[in-house]
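A quick write-up on the structure given underneath.
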Amino acid sequence: MPKFENPFRDEKEGRMTNSSSVPKVSAVRKDSHTTRLPFTVQRESRGSQARAATFQTLHGEVKTPIFMPVGTQATVKAQTAESLKLTGTRVLLANAYHLLLRPGPEVFQRFGGIHRFMNWDGPVLTDSGGFQIFSLPHSRAMNEDGARFHSYVDGKSHLLSPESSIAMQQVLGSDIMMALDQCILSTASYAQAEAAMELTHRWAERSLRARDDSRQALFGIVQGACHHELRKKSAAFLSEFPFDGFAIGGLAVGETHNERYEMTGLVTEHLPSTLPRYLMGVGTPIDLLESVHRGVDMFDCIIPSRLARQGVAFTSQGKLQLRRSVYKFVEAPVDARCDCQTCQHYSRAYIHHLVKADEFLGWHLLGMHNLTFYHRLMREMRDSILRDDFLSYYEKKGVELVRADEEHPSCPPKKSQTARPARLGDYEIHRSAQGFSSIRQLSSGEVMHSVNAPSEEATKLYVEQSCLLSRLVKQPAPADALVIWDVGLGAAFNAMAVIHCFERCYAERGKGALRPLQLVSFECDLDALTLAVKNPGCFPHLRHGAPRKILENGKWEHASGLLHWELLKGDFRERLESANIPELIFYDPFSAKTDSALWTAETFARIFRHCAPKSAELYTYSAATAVRVALLTAGFFVAEGVGTGPKPATTIAFTKATGAGNHPLSPRLLGQQWLTRWRRSHARFPMTLTNEERAHCEQLIETHPQFFGEA
Ligand SMILES: [Zn+2]
């Protein structure tokens with residue numbers, strides 16, 4: 001056997017690869033690209049970017065979406081290759097940087113690669129070491145050629161370059177190699193992020209050339225921190241090269257969850273749909289769900305093993321801390337709904353004891369359970385995509401995954417109470433008996449969406465009833481943007497329902513088929529939304545980049561440029577005439593009892609006058625006679641809206657007589673029957689009206705074209 005020359009070790013500090021001697025870019029451009037990882041998309045989810053696919057590796061087929069446990073040192077901590085298989089593990093991740101420092105390339109060369117060395121016959125993905133040099137900022141020097149650093153094992157100097165990283169990964173014989181990248185904090189400035197991205201691009205080309213005709217697949221890594229332009233540019237640039245898949249790097253290193261989701265969605269949108277997409281180092285179960293929804297196929301993360309070591313189990317009831325003494329006598333398994341080896345054979349009490357005694361077996365058993373949980377989550381997502389049912393799975397699972405241990409709630413420590421206030425300004429979080437969260441105004445005691453799960457009500461009452469989806473995809477698309485007013489932003493239930501509807505359309509139909517959308521929210525007090533955004537566990541609809549942006553800048557734009565969301569802060573009555581004329585109004589302020597000025601005939605008349613040049617429709621949750629009378633006297637044509645939950649009816653108002661007739665759901669205009677009932681009602685007019693005003697009001701109703709006109 002020829003002696004292996006370690007390309008990684010370079011004790012002569014001065015010797016560096018001369019990068020100008022490497023072939024030009026065109027040598028590796030994607031001309032006759034044959035992938036080493038034949039990838040087949042089996043199904044794309046409707047209304048989501050989620051997809052189920054398969055790809056072929058040198059060690060067999062892989063079904064996606066997939067989670068890959070991290071075996072940095074050629075071992076997933078506390079697990080054997082056999083126990084990993086029992087959890088459902090298919091692909092393992094190993095780290096070229098760590099393994100080439102110890103045990104060293106010579107060992108892998110002797111064994112013919114990592115598979116035989118660690119007795120793993122499934123696929124292996126190796127990381128290039130980019131993240132590791134990022135984590136050692138003080139003991140390395142970086143330049144165009146690579147990163148020079150001192151080994152933590154023996155202190156010797158090493159050069160990690162794109163070429164040496166590929167050489168190491170080839171010795172490991174992994175199925176999928178990663179190109180060396182320069183990872184930086186996701187919160188880096190534009191200039192820093194741009195420089196790191198450009199270096200990553202040059203290294204990506206060098207990695208491809210170094211891979212040469214090896215049969216091992218190679219992924220490029222998209223960088224660009226949290227800068228939209230850079231992320232788009234990086235995805236577009238790398239897509240030009242014959243990689244076998246693409247990774248999204250540089251996330252989960254400092255950004256918020258919402259930023260992570262936003263960047264993920266943006267990048268997947270700009271990557272080819274014909275190759276696998278891998279989100280590196282992410283994440284928690286909810287992160288996986290959100291990222292699959294945004295089009296990611298592959299994940300790796302140390303969380304399941306790391307939390308197992310701390311005594312934490314992921315379950316269908318939320319995360320459990322098995323160290324807590326409430327489990328001391330519990331005979332039930334960790335999760336009665338889990339079929340893993342741990343839950344089949346051991347009690348919570350036993351695991352609790354092992355964790356308390358710092359016994360290694362506790363780590364092993366909880367690790368098996370947690371990995372099984374992760375793999376089951378991925379399998380469920382895949383099955384739901386194949387059934388074309390992902391969206392409803394996503395909605396349901398999202399709530400389950402952020403749930404806490406409800407059986408044995410623990411009192412949150414004081415510190416976390418200050419970090420996540422349950423109150424802000426005039427608002428507090430309200431938990432309904434049915435288990436959903438809303439916002440309550442302290443001064444009035446009024447709960448926003450008090451009787452129905454708020455997201456459901458927003459969807460049913462506003463998004464579905466207005467047939468928003470068919471308006472967005474209407475062909476031929478009207479040239480002007482669809483303008484929607486969201487009156488009473490609150491905790492953004494309605495606005496996010498609109499955005500989710502748009503994103504589903506966009507995912508399904510793409511950019512060309514969609515009408516631009518302008519969403520205008522009116523709100524005078526942003527504390528309700530601020531409070532909700534700080535408590536994403538209670539408000540899953542806010543796990544999105546948009547709400548934070550709207551709080552910070554008063555506006556947000558979808559990556560497609562087709563959806564603009566704008567906040568008009570202040571009293572609605574002071575701002576309404578300054579806003580573009582809407583086609584749809586989602587009228588959802590506090591009730592007349594709390595905010596009477598917004599329900600008067602005078603306010604409705606101003607809305608009517610502003611919108612009358614067009615055919616506008618106003619949707620509101622109220623079906624009160626006083627509200628309908630105010631709308632009629634303002635000039636609107638008023639129809640019965642759908643009921644939601646315990647509310648038997650709601651209200652739709654049209655500026656044009658033809659509005660109801662042209663509506664796809666043919667809502668019924670209030671007719672003679674309503675009028676007869678109204679005439680008999682003792683509450684025909686708002687209490688505040690003078691006799692003279694009552695007479696005028698009566699005359700307007702008794703001559704309204706809805707009841708007496710040609711309509
Ligand atoms: Zn289990």
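Where a number appears in this text, it was derived from the coordinates with a stated rule and is not lab data. Bear in mind that the values here come from a model prediction, so they are computed numbers and not experimental data. Here the Cβ is made from the backbone with ideal geometry for all residues, glycine too, and neighbour counts use every protein chain on show.
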Return the FRET efficiency for the residue pair K647, Q73: r is the Cβ-Cβ distance, R0 is 60 Å, and the value is rounded to the nearest 0.05. 0.50
Place a +1 charge on the Cβ of each Lys and Arg in the chain and a -1 charge on the Cβ of each Asp and Glu, then give the dipole magnitude about the Cα centre in debye, rounded to the nearest 20. 860
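So for each of 524-537, 469-482, 565-578, 494-507 I average, over its residues, the number of other beta carbons within 10 Å; can you give me the resulting order with the highest mean first? Don't skip to the end; give the middle numbers.
Values: 524-537: 19.2, 469-482: 13.9, 565-578: 16.5, 494-507: 23.6.
Peptide ranking by packing, descending: 494-507, 524-537, 565-578, 469-482.
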Calc'd 3J(HN,Hα), region 620-636, phi into Karplus 6.51 cos²θ - 1.76 cosθ + 1.60 (θ = phi - 60°), Hz, glycine/Pro = x, comes to 9, 6, 7, 10, 5, 4, 4, 5, 5, 5, 4, 5, 5, 5, 6, x, 5
Distant-in-sequence amide H partners of A94 (H built 1.01 Å from N, under 5 Å): G71, L125, T126, D127
Could you list the residues of region 636-676 with an amide nitrogen less than 15 Å from a label point located 7 Å from the Cα of K593 in the Cα-to-C-beta direction? none
Short version: ³J(HN,Hα) in whole Hz for each residue of region 50-61, in order, from phi by Karplus 6.51 cos²θ - 1.76 cosθ + 1.60 (θ = phi - 60°), x for Gly and Pro, what are they? 4, 8, 10, 8, 9, 9, 9, 10, 5, 10, x, 7
Using a Förster radius of 41 Å, what is the FRET efficiency between R43 and R110 based on their Cβ-Cβ separation? Nearest 0.05, please. 0.40
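Given the pairs K319/K549; K555/K647; K460/K593; K63/K85, which span a C-alpha to C-alpha distance of over 26 angstrom in this model? List each step's numbers first, then the result.
On the way: K319/K549 30 Å; K555/K647 33 Å; K460/K593 24 Å; K63/K85 15 Å.
With Cα atoms farther than 26 Å apart: K319/K549; K555/K647.
Taking every DSSP beta bridge that has both residues in the chain, what percent is antiparallel when rounded to the nearest 5? Let's see the in-between values first.
On the way: 44 of 88 bridges.
If we restrict to bridges inside the chain, about 50 percent are antiparallel.
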Spin-label point model (7 Å from Cα, Cβ direction): what's the D389 to A349 distance in nm? 3.8
Could you check the simple spin-label distance between T80 and A623, using points 7 Å along Cα→Cβ, in nm with one decimal? 6.5
Sequence-distant or interchain residues sharing an amide H contact under 5 Å with V483, placed H: which? Q518, E583, L584
Counting only residues 5 or more places away or on other chains, whose amide H sits under 5 Å from the amide H of D181 once H atoms are built in the peptide plane? G130
Given 0.36 nm per residue, what is the gain on full extension from T676 to T690 after removing their alpha carbon distance, in nm? 2.8 nm
Förster radius 51 Å - calculated FRET efficiency between I581 and R324, Cβ distance, rounded to 0.05: 0.30
What is the extension gain from H564 to T274, computed as 0.36 nm multiplied by their sequence separation minus the C-alpha to C-alpha distance, in nm to one decimal? 101.4 nm
For region 385-397, in residue order, the Karplus 3J(HN,Hα) values (coefficients 6.51, -1.76, 1.60; θ = phi - 60°; whole Hz; Gly and Pro = x) are 5, 5, 7, 6, 10, 4, 4, 6, 4, 4, 4, 5, 5
